[in-house]
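Since the structure comes first, as structure tokens, the remarks are kept for the end.
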Amino acid sequence: MATLKRKKKRKAVKFRKLQFKVSKVHKTQLDDYCEYHEITLNKLFRRSLREYMDHHYDVPAKTVVHKNQMSIFDMEGVSC
């Protein structure tokens with residue numbers, strides 16, 4: 001008799017909710033565009049944001065080293 005194996009629990013994906021307002025004219029334009037290209041508004045926004053961030057995201061990484069932090073390569077004051 002074979003034992004049943006349980007499926008591995010997949011990692012939960014975290015989402016954040018964003019809200020913004022557009023005029024009626026822009027909303028109808030967005031709806032028309034989505035209907036013509038057969039995509040949803042969420043997919044349109046995600047694609048647009050991804051493309052924008054790929055071309056314009058040039059913010060340096062937040063790697064700030066405090067003056068009190070030691071380096072593993074700093075051998076000052078270490079006696080062997």
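The values are calculated or read from the model by the stated rules, or taken from the named source; none is laboratory data. Here the structure is a predicted model, which means the values were calculated and not measured. All Cβ positions, even for glycine, are placed from backbone atoms using ideal geometry, and neighbour counts span all protein chains on display. Just so you know, the surface numbers come from the protein's heavy atoms only, side chains and all, with ligands and any DNA or RNA stripped out. Shrake-Rupley method; radii C 1.70, N 1.55, O 1.52, S 1.80 Å.
A few notes on this one:
- Within the accessible area of the chain (1.4 Å probe), percent carbon and sulfur: 56 percent
- Which label in (1) 13.9; (2) 15.5; (3) 19.4 gives the computed Kirkwood radius over Cα pairs in Å: (3)
- For residue 27, the lysines whose Cα comes closer than 25 Å to its Cα, not counting residues fewer than 8 places off in the same chain, are 17, 43.
- Extension gain, residue 39 to residue 73: 0.36 nm times the residue separation minus the Cα-Cα distance gives 7.0 nm.
- Remark: spin-label model distance residue 59-residue 24 equals 3.6 nm, labels positioned 7 Å along the Cα→Cβ axis.
- Estimated from helices alone, the mean residue ellipticity of the chain at 222 nm is -12500 deg cm²/dmol (sum of -39500 (n - 2.57) over DSSP H runs with n ≥ 4, per residue).
- Averaged over residues, the count of other Cβ atoms within 10 Å places the peptides 37-48, 6-17 in the sequence 37-48, 6-17, highest first.
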